[in-house]
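Trainee: Dumping the structure here so I can ask a few things about it.
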Number of protein chains: 2
Amino acid sequence: MTGLDLPLTPLRFLERSAAVFPDRLAAIDGDRRLTYADLATHVTRLAQAVRASGVRPGDRVAYLASNSSELLAAHFAIPLAGNVLVAINTRLAPPEIQYICDHAEARLLLVDSTHLRRVQLQRKDFRTVTEVIELPDGTAPIVNGATAYASLLDRGSDEALSWEVADETATITINYTSGTTGRPKGVMYTHRGAYLNALNQIVHNGFTSDTRYLWTLPMFHCNGWCHPWAVTAAAGVHVCLRAVRADAMWQSIDDHGVTHLSGAPVVLSTLTSAEQAHPLQRALTITTAGAPPSPAIIKKVRSLGSTVNHVYGLTETYGPYSICEVQHDWEGLDAEDQSALLARQGVGMLCSDEMRVVRTDTEPGHPLVDVRPDGTEMGEIVMRGNIVMKGYHLDPELTSQAFSGGWFHSGDLGVRHADGYVQLFDRAKDVIISGGENISSVEVEQALMSHPGVEDAAVVGVPDDTWGERPKAFVVANADVTSTELIAHVKSRIAAYKTPRDVEIVTAIPKTSTGKTLKTALRADEWRDSTARIQG
Amino acid sequence: MTGLDLPLTPLRFLERSAAVFPDRLAAIDGDRRLTYADLATHVTRLAQAVRASGVRPGDRVAYLASNSSELLAAHFAIPLAGNVLVAINTRLAPPEIQYICDHAEARLLLVDSTHLRRVQLQRKDFRTVTEVIELPDGTAPIVNGATAYASLLDRGSDEALSWEVADETATITINYTSGTTGRPKGVMYTHRGAYLNALNQIVHNGFTSDTRYLWTLPMFHCNGWCHPWAVTAAAGVHVCLRAVRADAMWQSIDDHGVTHLSGAPVVLSTLTSAEQAHPLQRALTITTAGAPPSPAIIKKVRSLGSTVNHVYGLTETYGPYSICEVQHDWEGLDAEDQSALLARQGVGMLCSDEMRVVRTDTEPGHPLVDVRPDGTEMGEIVMRGNIVMKGYHLDPELTSQAFSGGWFHSGDLGVRHADGYVQLFDRAKDVIISGGENISSVEVEQALMSHPGVEDAAVVGVPDDTWGERPKAFVVANADVTSTELIAHVKSRIAAYKTPRDVEIVTAIPKTSTGKTLKTALRADEWRDSTARIQG
C-alpha cells in the first residue's frame, strides 16, 4: 500500500450501508426487524461492551450460536472492538467446545440459551474464558453463572468507534475445522481476505440491494462463506434462520421474498422434497457446495424456477474459492450432460487465484507439477493467494506443511479437464484402494446419482478377502428401484472394478451438520468384524 | 499482505477470462472479432514486442489512439511488459502531446494513422520517444518515419509471461489532466487501485458475462473509468467505437445488443435526439458523469427504456469514485423530484472511501472540518483511500499540497445534504462572485434545465458595472421557449440575485472532448471588452 491507501476491511461495508441506507432493512430475525442503522448501532454498542469487559486488543471472543442477528452483528462488532471472532459449530460436544476455547485463548464466550446448559456442565474446565454470556434465542433463559446479553450490552455505549483498521493482514476471525485425525485446527482469516472474498461472493452470487438472503448455511461454517460481510456490502436483507427445516425455509421464501440461499445438496434436497414445495414467484439462486449436486436434484431445483450455482472450497479458503462457471454453449445440451458439467468444482473465482491439480509424487522442495488436463490423471487440488487462510493459529509447523511449494494443499484429489475445469474425485482420505487400484468414491456416487431414481448416495470401502477393499454403496431411492437395476446402471457407466457389488437401499445417509456425508460412520459399521484395515 | 497473499492487479482479470472463457467474444472492433483467447494472445505478443524494443522495466509507453481493440489490449500488455501506460487525449495539440511524452519520459509512442501526421510535424522536438509506431485505424496508412504496428508485433513472441506483479502499489498507468492553470499533471494509478476500482465498476454497473459494453467513453479518459479492466473481469464484450456519432451509436446498440454505455450528458443528449432513436429491445444502463444529467435528459433516456446511473469523480480518482445510489423510496416521487435527487453526486462507491465536504477556511495543518449536512453550507469535496491516485508524476510538492490533511482536495465545491449525499455546486474555478455573494453556476444551470424545454445550459460570470460579475446563461432549447419565459422560470426557483439577466438561446454549447462545458470559451467572449477581471 502507499501511505494514502486504506487497509481493506469488511468493516467498511457496514459503515457504508449504515451511512447510505440507514432505513433499509438489514435483518429479519423471527419477529425482529433491524435496519442498517439499527445493525450499526447494535454493533457499536456490542464492540464498546466487549472493550469494557476486560478483553485486550487482539484477544479472541467465541460464539456458540445459531443463525441470528446477534451472530451477524458479531461478525462486525468483534473486529470493530479490535478482537478476533471465533464462531463455533453448535453441534460439537462440550469437550470439543472447551478445547477450541482453550486453544484460541478465548476470553468471552457467548452462547445461545439452547446450548448453555451443555457448556455449563464443562464450565470448570475452560482455562481462559473469564465470562460466559447468554444469548437469548427464544427458548427459556437459564442465566445460571452466565451474564445476560442485555447486561453485557449495558456496559457498552453508543459512542462511535472508527471502522478503520491499522493492518489489513490482521486476523479478523479464527474458524476451527476438524482434520482427518487429531484435534481441530484454527484457521486464521484476515481483514484483506474477508474483504476480497466478500467481493467474490457479491460478484458470483449477484448480490444487490434487492437481495434477500436466507441463512440456511450456518454462520459458524467458514463465517457463512463471508456472506455476513457480502450481503451487508450489497445492502441486502439477511433473513436469519435458526433451524434448517423444510417448513421454515418455505415460509421464509414465501413471506420474505428470498432471492438467494446456500447450502450443501442435502439442503436442496430438503427444500425440493418438502410437501410445501411449489413453483417460485421470483428468481431464487441457490449456491451449493460440499458435494456435487446430483442431476436429479438439479432438475428438481430448476423445475421450481430456481438457478443452481456450484462452488467449492474449504475452511482454509474462506469457504468458496472456486465456481463452476456456466458456459453459454451449455444451454444447448440435454439436462443430464448439463448436470455432469455442473457437478465439477470449476475454476477460481474472480478475486481468487487459479486452482491447480498437482501430482502427489513430487518430492518436497521440488516445484509442483500439474497433472495432464485430460480428465483422467488424478492429483491434489492446490490453491493460493488472498482467498487462502493466513495459517493455522499457533501451529506454524502445520501451516508450513500445508503450504508446501507455496500453494495450499487441500488434501482433496481430483482431475483437470481439457477445458481447464477441476473436478474433485475424492476427499483424499476417502479413496478406496481395491487390488492396488485407486477408486474414487465420488465417481461411483456420481454414477449412481445419474440414475433418475436416486436421491442420494454414499460409497465407502468395505473389507474384501480378495481385493483388500471394495466399494459398497448406500442409496436413498425415490422410486421403485432395485439394487440389481442400479448395479447394472453403474456398470454401464464406469469400469467393472469400480462398480459396487453391494448396493444397500436406506432411508437416509448420515451427514455432518454442514451436509457432508459421514463416511466414517458408514465405514465403521462395515469394518466392525474385520481384523485388518487397509492403509488408505 | 502476508507472505502468502498475492498482489492485486487487473492483469489477473484477463488471465482468468482467457483461461475460463477462451472462446467467448471479448471485443468487436469494426469488422474484427476477438475472443478472450485472441485478446490474451495479442496482449502477450505486444508485451513481448515492447520488451524487445529497448524499453526498460518501469518505462512509460504512450498511446494516442481512439477506442480500439489495440488500445484495449494496451491496458493489459503495457503493464504485462512491466511498463506504464500513458494514454493521451487525441484532441490535444501537438505541443501538448509532446509535453506529455517528454514529461512522462515515454520511450515508445503508438499513434493512430489519423493522428500520425500531427505528431510527425512535432517529431523533432520529442526528447525521450525513441520510436513512433503507427496503429492502423482504417484510414490510409502513412508510415513515414514511423514503424508499422505489425512490424512491432513481429519483434514479439507468443511465449507466455507471468500475469503476476511483484508490488501492487507499483504504477500501472499515468493519466494527464489539465489543471486550471499551467501544464498538465501526470496522475499515477496503481495496480491495487485499478483492481479495486474495476471491482467498484462491476458492482455498481452490474457488469456480468452478458454485458455488451459500448465504448462511447474515450479509453484515454481516466483509462475509460477502469472499464477496460472491469468489463474484461466480467468476461463481457467490449464494443469499440472510434467516433461518438448518433448513427454509429444506434447501429452498435441495435446490431450488438449493447447493455451498458457511459459518457457525459452530452452523449445521452446525442443518443436521445438522434433520428435513429427508438425504444430499446433490451435493458440498457447508461452511466453518466461530468455534469449532472438534466431532468429532460433523464426523462428522454427513460422513455427509451433505459436506466441512468449518475457517478462522479476526477482523473485523480480513477474516474468514478462516487455514485448517486437510488433509494427504494424515490420510486414514489414524481419525475422532477426524482431527477433532482439523481442530479446529486451521491456517496462513495463500495470500494471507495467516503466523500466529505469540508470547510475551505481551515488553516493548513489543522484537521479538516465538515460542513453542516444541510444542503446549504458550501465546502470543498475531498476523497481518500484506494480509489485515489498515488500522486502526481514527478511532482511531490503538488501531490503533498493536493493531499493536505490526508485527503485529496478535488477543488470542487459542493454541499452535503441531510441524507449524507454530496452535491457538487461548482468546479471551484467556476464560482461566480456577484456583489460579494458566491453564485454556483451549476445551481443556476440546474434551475434552467428543470424547464422541460431546455436541452442544455451553461452559465458563466460576465462583467457587470454594479456587481462586478453577474451570471449569464447560454441555452440550447428543444421547443419554442423564450428568454423571458426561462428567466421567470429560474426566478421562481432560486434567489433573484442568482438569476441571469441575459439568457441567450444558442444552437450548441462548446464542450471538451469529454463532454465538460468549455466555460473558458464562453467567458472569453464575454470579457473581451472588459478592462477588469474579477478575482474568482
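Trainee: Criterion first (surrounded by fewer than 21 Cβ atoms within 10 Å (Cβ to Cβ) and either of a type in the set (Gly, Ala, Ser) or on the phi > 0 side of the Ramachandran plot (or both)) does B:Ala148 satisfy it? Show your work before the answer.
Mentor: Working: surrounded by fewer than 21 Cβ atoms within 10 Å (Cβ to Cβ): yes; either of a type in the set (Gly, Ala, Ser) or on the phi > 0 side of the Ramachandran plot (or both): yes.
Criteria met by B:Ala148.
For every residue, the table says whether it meets (1) farther than 24 Å from A:Asn89 by Cβ; (2) part of a strand (DSSP E or B); (3) away from every other protein chain (no Cβ under 13 Å); (4) aliphatic (A, V, I, L, M).
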{"position": "A:Arg16", "(1), (2), (3), (4)": "yes, no, no, no"}
{"position": "A:Ala19", "(1), (2), (3), (4)": "yes, no, no, yes"}
{"position": "A:Arg33", "(1), (2), (3), (4)": "yes, yes, yes, no"}
{"position": "A:Asp38", "(1), (2), (3), (4)": "yes, no, yes, no"}
{"position": "A:Val43", "(1), (2), (3), (4)": "no, no, yes, yes"}
{"position": "A:Ala49", "(1), (2), (3), (4)": "yes, no, yes, yes"}
{"position": "A:Pro57", "(1), (2), (3), (4)": "yes, no, yes, no"}
{"position": "A:Tyr63", "(1), (2), (3), (4)": "no, yes, yes, no"}
{"position": "A:Ser66", "(1), (2), (3), (4)": "no, no, yes, no"}
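Trainee: OK, next. How do the pairs read when you match residues in region B:70-98 that are farther than 24 Å from B:Ala160 by Cα with residues anywhere that are part of a helix (DSSP H, G or I) and basic (Lys, Arg), using Cβ under 7 Å and keeping only pairs 6 or more apart or on different chains?
Mentor: Qualifying pairs under 7 Å: B:Pro94/B:Arg118.
Trainee: Which residues, taken from region B:242-268, are more than 18 Å from B:Val311 (Cα to Cα) and among the hydrophobic types (A, V, I, L, M, F, W, C)?
Mentor: B:Ala243, B:Val244, B:Ala246, B:Ala248, B:Met249, B:Trp250, B:Ile253, B:Val258
Trainee: Further question: Run down B:Leu350, B:Leu333 and say which single residue is in contact with a helix residue (DSSP H, G or I) (Cβ under 8 Å, 6 or more places away or on another chain) and without any contact (Cβ under 8 Å) to a residue 24 or more places away in the chain.
Mentor: It is B:Leu333.
Table: residues versus (1) modelled with pLDDT under 95; (2) under 23 Å from A:Lys519 (Cα atoms); (3) over 18 Å from the mean Cα position of the chain (by Cα).
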{"site": "A:Ile253", "(1), (2), (3)": "no, no, yes"}
{"site": "A:Thr259", "(1), (2), (3)": "no, no, yes"}
{"site": "A:Gly263", "(1), (2), (3)": "yes, yes, no"}
{"site": "A:Ser269", "(1), (2), (3)": "yes, yes, no"}
{"site": "A:Lys299", "(1), (2), (3)": "yes, no, yes"}
{"site": "A:Arg302", "(1), (2), (3)": "yes, no, yes"}
{"site": "A:Tyr318", "(1), (2), (3)": "no, no, no"}
{"site": "A:Tyr321", "(1), (2), (3)": "no, no, no"}
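Trainee: Of a type in the set (Gly, Ala, Ser) and out of contact with any helix residue (DSSP H, G or I) (no Cβ under 6 Å at 6 or more places or on another chain) - does that describe any residue in region B:225-235?
Mentor: Within region B:225-235, not a single residue is of a type in the set (Gly, Ala, Ser) and out of contact with any helix residue (DSSP H, G or I) (no Cβ under 6 Å at 6 or more places or on another chain).
One line per residue, one yes/no per condition, for (1) modelled with pLDDT under 95; (2) hydroxyl-bearing (Ser, Thr, Tyr):
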| residue | (1), (2) |
| --- | --- |
| B:Ser66 | no, yes |
| B:Cys101 | no, no |
| B:Leu108 | no, no |
| B:Leu121 | yes, no |
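Trainee: Quick one: which of B:Trp215, B:Trp250 is surrounded by fewer than 21 Cβ atoms within 10 Å (Cβ to Cβ) and on the phi < 0 side of the Ramachandran plot?
Mentor: B:Trp250
Trainee: Could you say whether any residue in region A:493-516 is modelled with pLDDT of 80 or more, assigned to a loop (DSSP other than H, G, I, E, B), in contact with a strand residue (DSSP E or B) (Cβ under 9 Å, 6 or more places away or on another chain) and closer than 24 Å to A:Thr376 by Cβ?
Mentor: yes
Trainee: Kindly indicate the residue of region B:363-401 that is within 11 Å of chain A (Cβ to nearest Cβ) and not in a loop (DSSP other than H, G, I, E, B) and also nearest to B:Cys101 (Cα to Cα) among those meeting that condition.
Mentor: B:Gly391
Trainee: Show me the strands (runs of 3 or more DSSP E) entirely contained within region A:158-269 in which 2 or more residues are within 14 Å of chain B (Cβ to nearest Cβ) and under 30 Å from B:Val231 (Cα atoms).
Mentor: Qualifying strands (runs of 3 or more DSSP E): A:185-190.
Trainee: Kindly provide the set of residues from region B:285-300 that are part of a strand (DSSP E or B) and surrounded by 21 or more Cβ atoms within 10 Å (Cβ to Cβ), ordered by number.
Mentor: If we filter region B:285-300 for residues that are part of a strand (DSSP E or B), which is where we start, we get B:285-288.
Selection gives B:Ile286, B:Thr287, B:Thr288.
Trainee: So B:Thr139 fits all but one of (1) free of Cβ contacts under 8 Å to residues at least 60 places away in the same chain; (2) over 23 Å from B:Ala52 (Cβ atoms); (3) assigned to a helix (DSSP H, G or I); what number is the exception?
Mentor: Single failed check for B:Thr139: (3).
Trainee: Same structure, new question: In the list A:Val231, A:Val237, A:Val244, which residue meets the criterion of being more than 18 Å from the chain's Cα centre (by Cα), under 24 Å from A:Asp137 (Cβ atoms) and crowded, with 22+ Cβ neighbours inside 10 Å?
Mentor: On the way: A:Val231 fails: more than 18 Å from the chain's Cα centre (by Cα); A:Val244 fails: more than 18 Å from the chain's Cα centre (by Cα).
Matching residue, one of A:Val231, A:Val237, A:Val244: A:Val237.
Trainee: Let me ask something else. For region A:328-371, enumerate the residues that are within 15 Å of A:Lys299 (Cβ to Cβ), surrounded by 19 or more Cβ atoms within 10 Å (Cβ to Cβ) and in contact with a Lys or Arg (Cβ under 9 Å, 6 or more places away or on another chain).
Mentor: Listed by number, the list holds a single entry, A:Ser339.
Trainee: Would you point out the residue of region A:301-325, among those that are among the hydroxyl-bearing types (Ser, Thr, Tyr) and part of a helix (DSSP H, G or I), that is nearest to the other protein chains (Cβ to nearest Cβ)?
Mentor: A:Thr317
Trainee: Which one of the conditions (1) surrounded by 20 or more Cβ atoms within 10 Å (Cβ to Cβ); (2) in a strand (DSSP E or B); (3) without any contact (Cβ under 8 Å) to a residue 24 or more places away in the chain does A:Asp5 fail to meet, given that it meets all the rest?
Mentor: The single condition A:Asp5 does not satisfy is (2).
Trainee: Another question, if that's okay. Looking at A:Cys222 and the list (1) hydrophobic (A, V, I, L, M, F, W, C); (2) without any contact (Cβ under 8 Å) to a residue 60 or more places away in the chain; (3) on the phi > 0 side of the Ramachandran plot, which single condition is not satisfied?
Mentor: Among (1) hydrophobic (A, V, I, L, M, F, W, C); (2) without any contact (Cβ under 8 Å) to a residue 60 or more places away in the chain; (3) on the phi > 0 side of the Ramachandran plot, the lone unmet condition for A:Cys222 is (2).
Trainee: Okay, next question. Residues being modelled with pLDDT of 85 or more, part of a loop (DSSP other than H, G, I, E, B) and in contact with a strand residue (DSSP E or B) (Cβ under 7 Å, 6 or more places away or on another chain): count how many of those fall in region B:415-473.
Mentor: Looking only at that region, the number is 4.
Trainee: Continuing with this model, one more query. Being charged (D, E, K, R), within 10 Å of chain B (Cβ to nearest Cβ) and within 30 Å of A:Asn89 (Cα to Cα) is the filter here, so list the residues in region A:326-362 that pass it.
Mentor: The answer is A:Asp353, A:Glu354.
Trainee: A follow-up question, please. Please work out if A:Thr177 is more than 15 Å from the chain's Cα centre (by Cα) and in contact (Cβ under 8 Å) with a residue 40 or more places away in the chain. First the steps, then the outcome.
Mentor: On the way: more than 15 Å from the chain's Cα centre (by Cα): no; in contact (Cβ under 8 Å) with a residue 40 or more places away in the chain: yes.
No, not satisfied.
Trainee: Here is a list of conditions, (1) over 26 Å from the mean Cα position of the chain (by Cα); (2) of a type in the set (D, E, K, R); (3) facing chain A (nearest Cβ under 9 Å), and B:Arg12 meets all of them except one; can you say which number that is?
Mentor: The failed condition is (1).
Trainee: Yes or no: A:Gly406 within 14 Å of chain B (Cβ to nearest Cβ), at pLDDT 95 or above and either crowded, with 16+ Cβ neighbours inside 10 Å or over 16 Å from A:Val187 (Cβ atoms) (or both)?
Mentor: In short, no.
Trainee: Something else about it: Of everything in region A:402-414 that's assigned to a strand (DSSP E or B) and not acidic (Asp, Glu), which residue is nearest to the chain's Cα centre (by Cα)?
Mentor: A:Ser410
The values are calculated or read from the model by the stated rules, or taken from the named source; none is laboratory data. Remember, it's a predicted structure, so these values are computed and weren't measured experimentally. Here Cβ is always computed from backbone atoms with ideal geometry, including for glycine, and neighbour counts include all displayed protein chains.
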